[in-house]
Every structure is written in C-alpha cells, then in structure tokens.
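The structure under discussion appears below in the form of structure tokens.
The values are calculated or read from the model by the stated rules, or taken from the named source; none is laboratory data. Because the structure is a prediction, the values reported are computed rather than measured. Cβ placement follows ideal geometry from the backbone for every residue including glycine, while neighbour counts extend to all protein chains displayed. Ligands, DNA and RNA are stripped out before the accessible areas are found, and what is left, the full protein with its side chains, is counted by its heavy atoms. Shrake-Rupley method; radii C 1.70, N 1.55, O 1.52, S 1.80 Å.
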Amino acid sequence: MKLRYKILNGFLILIGVAVVALGLVLSRDDACEPIPAAEGEGFSAIAYNCYGDASVLQLATLPKPVPAEGELLVRIHAAGVNPLDYHYMRGKPYIMRLSSGLGAPDQTRLGVDFSGTVEAVGAGVTRFQPGDEIFGGWTGAFGEYLAVPEDRSIAPKPDNVSFEEAATVPIAAVTALQALRDHGQLEPGQRVLINGASGGVGTFAVQIAKAMGGEVTGVCSTRNVEMVRSIGADHVIDYKQDDYTRLDARYDLIVDMVGNHSPAANVEMLEPGGTYVIVGGPKGNWIAPLVNPIKAAVLSPFVDEKIVTMLARLTPEDMVYLSELMADGKMKPVLDREFGLSEVPDAIRYSESQRARGKIVVTMD
C-alpha cells in the first residue's frame, strides 16, 4: 500500500476514534442525587441534578434569592412550558451538553417563561418597582421566586391578560415574531403558510401574521381546524386530509414548525423569490434534528428562494412589542392545560407527547 493511502487510513481511523470518544462523553449520564432542603427561609421550585425523563425532576426547597444590583426579585404566579424544557431536562440532542453540562446539568433549575409580581428590587433598578406585574424569560421559571436582571427580556403585563396567559408568551411568541418579521420579512398582503398552526409557536404565528397584514393559511390536524380558524387563519389545511405540498396554492412565506416535508418540497410551494423558514423538526438524540437544516444548506445555493434555519433570541424590545399586541387585542394566548407546581413532571410529559393545542401553563398557587 502506498504511503499516502496508509496516512489517509490512519487519519480516518483517528477521526472515527475521536467521534466515538466524543459520543461517549456527551451521552454519559451521572447518577441522580436528592437535592437537600435549604436552611432558613426557602421557597418551592422544580430542580434536577441529572439528565433523564420527567422522573428526574424534584420539588425542592431552595434558598430564597435576594436581588443583587440591577436585579428584580419576582414572585412567580405562572410559568409556561416549552419543548426547550424537556430538551434541557434530557440533555438531548446530546450536542447541547457542550453548553448545558457534561454528565449532569450545570443549571439545576428548569423553565424559562414566567409571569409574576415584582416583590423587591436591587440597587440601580430603574425600569420596574415593587408591585409591578411583569412577564418575561429567564432560567428557573418553575418555582415560586426568581431573581432576574432588569435589562433582560421582561415587559409589563397588560391589564387585559391574565398571569397564566402572559406566562406562555416569551419563547413561543418571540420565535413566531422573529420567523415572520426578521427572517420571513412578511409584508401586508403576502400569503404565508404556517405548518404546525395549532402548536405553541403556531398559534402565535397565525395571530402575529394577521396583525402584520398577511393572508394566513394554517396547517393542523382535524381536531384543531376550528380552533386555528377561530384565531384568525384565512384558510386551514387538515393535514390528515390534504398534503399542502401537493396542492396548487403558492406562498410568499412558509414557516415550518414540523419538518415533515423536505426543504425541496417546501421550496416548490413558494412564489418566485419567496422564503422558507425552518423553526422546528424531528426529535432525535444525534443528527435527526439537523437533517432538514443540512438539506436546506445544500439546496440553498441552487434555488432563487431564500431558505432560513433559525433560533430565536429573547430581547426586551420584542417582549414590549408582544405586550402591546396583547394590550391592543391583536394576540391572545391559546391555553390548553394547566398544572400545579408539583405537577411539572406531568406537564413536561404532556409537552413531550406533542398533542398540546396551544400552550401548557404551570401555576404556583
């Protein structure tokens, strides 16, 4: 065998060994341990110190936080449940453990979306004061108290919106907004298709697209057709009856939360110069969630249409925008089920079933 082939084979073997080693490191799960109760004044919260299914979640008594400089102490009234929660709980796809923690989570509290009342403020806080009703996103929402920097994604809760409704907004509605406005650049009169219109992101996307002046087509299952129509969709496609990639209609923008059709099939449904935004996709531990984004990246140079794979980023400005939409009656969260704090494991299981219509909410009362 020639020397160059020996070198190539050796290089490929090294890559293979490195990939296997990385896989073993990423997929290692440390043992679960009981979380000790706080001494002194404490509060109830959901915590976990190992990866796994919902059984790893513990209702723990943690030390009550004290707001530092620039922070708010928020008494949580309600928290929203998102797929992000079970991804962090399980540490899957495994690649996310490079940031969330190897073997066990670095952050032991769960939940992001919250609504509540400011109980105290730290030095230098100017935007809020005790008694203000707010909603926003910050890690640790599944608990009675949360210390949040005031410059993060927080906004006043509108008076016409309940704490339960406001708690479901941040991640899902910001994702919908950024998909439509920032990546889809939706303009009044354009035709937009929302694939997954009955889910958490989808129900917000339908309403935000209508508020932006779009002609909206929602795709959902039979049992959700009337609900999707009731929140403003101009047209509804029952995917159990029709495949939207086989119909004649064309769209200026497709926002895809499901990923059940290939990027190529979606691009075929676009008007010339249209945009296809990938928000979600199939679940999986390794590369399954990346299949459609990889296909999209390969396809993109060969088509005139724009293909975008997005990750949302919470911002204070977007939270204020969404607060104003709700205050004006142009967006109203769709609530499916309500759980108590001790029932968070059941709420996560229900979220993982992918059967929710709209949003799942956890209350602290």
As an exercise: evaluate VAL279 against (1) over 24 Å from GLY52 (Cα atoms); (2) at pLDDT 95 or above and give the number of the one condition it does not meet. (2)
Residue check for PHE128: buried (at least 20 other Cβ atoms within 10 Å of the Cβ) and in contact (Cβ under 8 Å) with a residue 12 or more places away in the chain: no
Within segment 194-210, the residues that are within 18 Å of THR275 (Cβ to Cβ), open to solvent by less than 10 Å² (accessible area, probe 1.4 Å) and either in a helix (DSSP H, G or I) or at pLDDT below 95 (or both) are GLY202, ALA205, VAL206, ILE208, ALA209
Take segment 341-365 and flag every residue that is polar (S, T, N, Q) and either open to solvent by less than 80 Å² (accessible area, probe 1.4 Å) or within 18 Å of ALA45 (Cα to Cα) (or both). SER342, SER351, SER353, THR363
Does VAL148 fit the bill of being within 22 Å of the chain's Cα centre (by Cα), hydrophobic (A, V, I, L, M, F, W, C) and in a strand (DSSP E or B)? yes
Mind listing whichever residues of segment 249-264 are at pLDDT 95 or above and surrounded by fewer than 16 Cβ atoms within 10 Å (Cβ to Cβ)? ALA249, ARG250
Restricting to segment 92-115, count the residues that are within 15 Å of the chain's Cα centre (by Cα), in a loop (DSSP other than H, G, I, E, B) and at pLDDT below 95. 2
Considering residues that are free of Cβ contacts under 8 Å to residues at least 40 places away in the same chain, open to solvent by 10 Å² or more (accessible area, probe 1.4 Å), more than 21 Å from GLY259 (Cα to Cα) and outside any strand (DSSP E or B), the number found within segment 211-241 is 7
Only residues that are within 19 Å of ALA297 (Cβ to Cβ) and touching a helix residue (DSSP H, G or I) at 6+ places or on another chain (Cβ under 6 Å): list them for segment 227-256, please. ILE254, VAL255
Does GLY232 satisfy the condition of being out of contact with any Leu (no Cβ under 6 Å at 6 or more places or on another chain) and either aromatic (Phe, Trp, Tyr) or at pLDDT 80 or above (or both)? yes
Considering residues of segment 99-120 that are closer than 18 Å to ASP29 by Cα and without any contact (Cβ under 8 Å) to a residue 60 or more places away in the chain only, the residue most open to solvent (accessible area, probe 1.4 Å): ASP106
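Quick check, is VAL118 closer than 23 Å to LEU322 by Cβ and either assigned to a loop (DSSP other than H, G, I, E, B) or of a type in the set (Ser, Thr, Tyr) (or both)?
Here the answer is no, as VAL118 does not meet what is asked.
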Restricting segment 303-340 to residues that are in contact with a helix residue (DSSP H, G or I) (Cβ under 8 Å, 6 or more places away or on another chain) and part of a helix (DSSP H, G or I), the one most open to solvent (accessible area, probe 1.4 Å) turns out to be TYR321
Under 8 Å between Cβ atoms, at least 6 apart or on separate chains: pull out the pairs that start in segment 35-46 with a residue that is at positive phi and end on any residue that is acidic (Asp, Glu). none
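Please specify each residue of segment 71-91 satisfying the condition of being aliphatic (A, V, I, L, M) and assigned to a helix (DSSP H, G or I).
If the condition is that a residue be aliphatic (A, V, I, L, M) and assigned to a helix (DSSP H, G or I), then LEU84, MET89 are the ones that fit.
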Would you pick out the residues in segment 34-57 that are touching a strand residue (DSSP E or B) at 6+ places or on another chain (Cβ under 8 Å), surrounded by fewer than 19 Cβ atoms within 10 Å (Cβ to Cβ) and outside any loop (DSSP other than H, G, I, E, B)? GLY42, PHE43, SER44
Restricting segment 79-88 to residues that are surrounded by fewer than 24 Cβ atoms within 10 Å (Cβ to Cβ) and in contact (Cβ under 8 Å) with a residue 60 or more places away in the chain, which is nearest to VAL361 (Cα to Cα)? PRO83
